Amino acid sequence: MSKIITTGITRRGLLKTTATAALITAVRSAFPSGAFAAGAGPEVTGAKLGFIALTDAAPLVVAQEKGLFAKHGMPDVEVAKQASWGATRDNLVLGGAANGIDGAHILSPMPYLMHTGKVTQNNQPVPMTILARLNYDSQGISVAKEYADTGVQLDASRLKAAFEKKKTEGKEIKAAMTFPGGTHDLWIRYWLAAGGIDPDKDVSTIVVPPPQMVANMKVGNMDVFCVGEPWNEQLVNQGIGFTAATTGELWKGHPEKALGMRSDWVEKNPNAAKALLMAVMEAQQWCDSMDNKEEMSALLGKRQWFNVPPKDVLGRLKGDINYGNGRLTKGTDLYMKFWAGGVSYPFKSHDTWFLAENIRWGKFAPDTDIKKLVDEVNREDIWRAAAKDLGVAAADIPASSSRGKETFFDGKVFDPENPSAYLDSLTIKVAS
């Protein structure tokens, strides 16, 4: 299992596990569904938001660059680059008032891991809120050039013999992801396990921050990795490795990052939370337009944001994928989605899958009350209130909090109404 390294920073105002439920009750009582009334101005004019240099942070970057936070009454919002997901966690634990951050572009499972104290120092829970989903699809599973002859693509089993040979030579097989229990960890585990490779026994999973993936593969520090763009594209552009599959090929239209906030900030500033969300939603609509992809790539490429050539961002944004192994596709539907089709809506069924997968790999106990936990963290009611005030067309507001059953590339089916049946169908998992 992956080790989690935490920093010894002082945590202020953290709640003990036994008090978490009380705080959530207080938040619900003070701000029930519908309490985010139209016309009420933000309680504050700013917030501190974190982001990682990944294409799916674009809604936060665009909202800042295009003045959308200011448009919605929040001119003093700061969007600050974070060095890693671990740093994002630590700064959220601190909170904006203690020189940390109030919210972030974040891996969708992370608010749940923090909310329950699974990844915080001394297992102290930090109540968290998910306000929106930021994007679907367009992450990648990339492989070192030495494995090109295996022909590995969606079927990870093509790596088994090569991995076994390398292990007999006394070498370690390293699979890199960005945070234990996060989306990239879950995608690479799913892919390996579907190919009969146990991610806990047959390889060593290691944590590497997204912007450091390419450099680490270049010097041979890992065999495979999973990360968002533009780093898979950059790997190919530099001739260091190739993309075996994009995550949209594993699960078409999968949820990825979220807009997560500390629950105490949302409780104290409900109208500001809605204003932030409205700015991000408007940015998501801008990001979704194919007409804006070149400008978006240029914005993200700037030094203060990603500091990469715009070409490393643009290709896969448009669905043009050079896998780096002789496969070149143009205009696919595997591009990153930001808005159309309900992307921004934080479907509870999606969060249910993330929790089920983290039960699969031992991050949560088998008897975890998934529905209760999702109801505590996922604030789809705030999204609906923001959508109403923003004038979002009724057709763009989902009628239900569930997407229903989801089907994966290996034929597995997830029913959010019955996560246990899904878990029982999986052959490789942590013993309960």
Selection within the stretch 93-119 - out of contact with any strand residue (DSSP E or B) (no Cβ under 8 Å at 6 or more places or on another chain) and open to solvent by 10 Å² or more (accessible area, probe 1.4 Å): LEU94, ALA97, ALA98, ASN99, THR116, LYS118
With the checklist (1) in contact with a strand residue (DSSP E or B) (Cβ under 7 Å, 6 or more places away or on another chain); (2) not in a strand (DSSP E or B) in hand, flag the one item ALA275 doesn't pass. (1)
Here is a list: LYS71, LYS81. Which entry is closer than 30 Å to LYS174 by Cβ, at pLDDT 95 or above, open to solvent by 40 Å² or more (accessible area, probe 1.4 Å) and not hydroxyl-bearing (Ser, Thr, Tyr)? LYS81
Kindly establish whether ALA193 is crowded, with 17+ Cβ neighbours inside 10 Å and under 22 Å from the mean Cα position of the chain (by Cα). yes
Per-region count, the stretch 270-291, residues open to solvent by 10 Å² or more (accessible area, probe 1.4 Å) and either free of Cβ contacts under 8 Å to residues at least 60 places away in the same chain or among the polar types (S, T, N, Q) (or both): 6
Pull up the stretch 200-214, narrow it to residues that are assigned to a loop (DSSP other than H, G, I, E, B) and touching a residue at least 60 places away in the same chain (Cβ under 8 Å), then point me to the one that is surrounded by the fewest Cβ atoms within 10 Å (Cβ to Cβ). ASP200
Restrict the check to the stretch 133-147 and report whether at least one residue is farther than 25 Å from PRO230 by Cβ and open to solvent by 10 Å² or more (accessible area, probe 1.4 Å). no
Right, TRP383: within 23 Å of ALA275 (Cβ to Cβ), among the aromatic types (Phe, Trp, Tyr) and open to solvent by less than 30 Å² (accessible area, probe 1.4 Å) or not? yes
Just the residues that are among the polar types (S, T, N, Q), assigned to a helix (DSSP H, G or I) and farther than 30 Å from ARG316 by Cβ, please, taken from the stretch 91-137. GLN121, ASN122, ASN123
Quick count over the stretch 414-424, residues being free of Cβ contacts under 8 Å to residues at least 12 places away in the same chain and closer than 24 Å to ALA245 by Cβ, is 0
Based on this model, can you work out whether PHE364 counts as within 19 Å of PRO180 (Cα to Cα) and not in a loop (DSSP other than H, G, I, E, B)? no
The stretch 235-252, subset under 20 Å from the mean Cα position of the chain (by Cα) and part of a helix (DSSP H, G or I), residue surrounded by the most Cβ atoms within 10 Å (Cβ to Cβ): THR247
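To keep it simple, each residue is scored yes or no on (1) in a helix (DSSP H, G or I); (2) small (Gly, Ala, Ser); (3) out of contact with any strand residue (DSSP E or B) (no Cβ under 6 Å at 6 or more places or on another chain).
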{"residue": "GLY324", "(1), (2), (3)": "no, yes, no"}
{"residue": "GLY331", "(1), (2), (3)": "no, yes, yes"}
{"residue": "SER344", "(1), (2), (3)": "no, yes, no"}
{"residue": "TRP353", "(1), (2), (3)": "yes, no, no"}
{"residue": "ASN358", "(1), (2), (3)": "yes, no, yes"}
{"residue": "TRP383", "(1), (2), (3)": "yes, no, no"}
{"residue": "VAL392", "(1), (2), (3)": "no, no, yes"}
{"residue": "ASP410", "(1), (2), (3)": "no, no, yes"}
Is it the case that ARG379 is modelled with pLDDT of 95 or more, within 19 Å of the chain's Cα centre (by Cα) and not β-branched (Val, Ile, Thr)? yes
Take the stretch 294-321 and flag every residue that is of a type in the set (Lys, Arg) and touching a helix residue (DSSP H, G or I) at 6+ places or on another chain (Cβ under 6 Å). ARG316, LYS318
Across the stretch 48-68, what is the total count of residues that are part of a loop (DSSP other than H, G, I, E, B) and surrounded by fewer than 24 Cβ atoms within 10 Å (Cβ to Cβ)? 3
Scan the stretch 362-370 and give yes if some residue there is within 22 Å of the chain's Cα centre (by Cα), aromatic (Phe, Trp, Tyr), surrounded by 20 or more Cβ atoms within 10 Å (Cβ to Cβ) and at pLDDT 95 or above, otherwise no. yes
Taking PHE354, is it farther than 22 Å from GLY391 by Cα, touching a residue at least 40 places away in the same chain (Cβ under 8 Å), touching a Phe, Trp or Tyr at 6+ places or on another chain (Cβ under 9 Å) and buried (at least 21 other Cβ atoms within 10 Å of the Cβ)? yes
Pairs under 9 Å by beta carbon, first residue of a type in the set (Asp, Glu) in the stretch 75-91, partner open to solvent by 40 Å² or more (accessible area, probe 1.4 Å) and modelled with pLDDT of 95 or more, six or more apart or different chains? ASP76/VAL44; ASP76/THR45; ASP76/ALA70; GLU78/LYS48; GLU78/GLN64; ASP90/GLN121
Going by the conditions given, is VAL280 within 22 Å of LYS348 (Cβ to Cβ) and β-branched (Val, Ile, Thr)? yes
Can you find, within the stretch 154-184, the residue that is surrounded by the fewest Cβ atoms within 10 Å (Cβ to Cβ) among those that are over 22 Å from LYS257 (Cα atoms) and among the hydrophobic types (A, V, I, L, M, F, W, C)? ALA161
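The values are calculated or read from the model by the stated rules, or taken from the named source; none is laboratory data. Just so we're clear, the structure is a prediction, and the values are computed from it rather than from any experiment. Note: ideal-geometry Cβ built from the backbone for every residue, glycine included; neighbour counts use all protein chains shown. Side chains included, ligands, DNA and RNA excluded: accessible areas come from the protein's heavy atoms. Shrake-Rupley method; radii C 1.70, N 1.55, O 1.52, S 1.80 Å.
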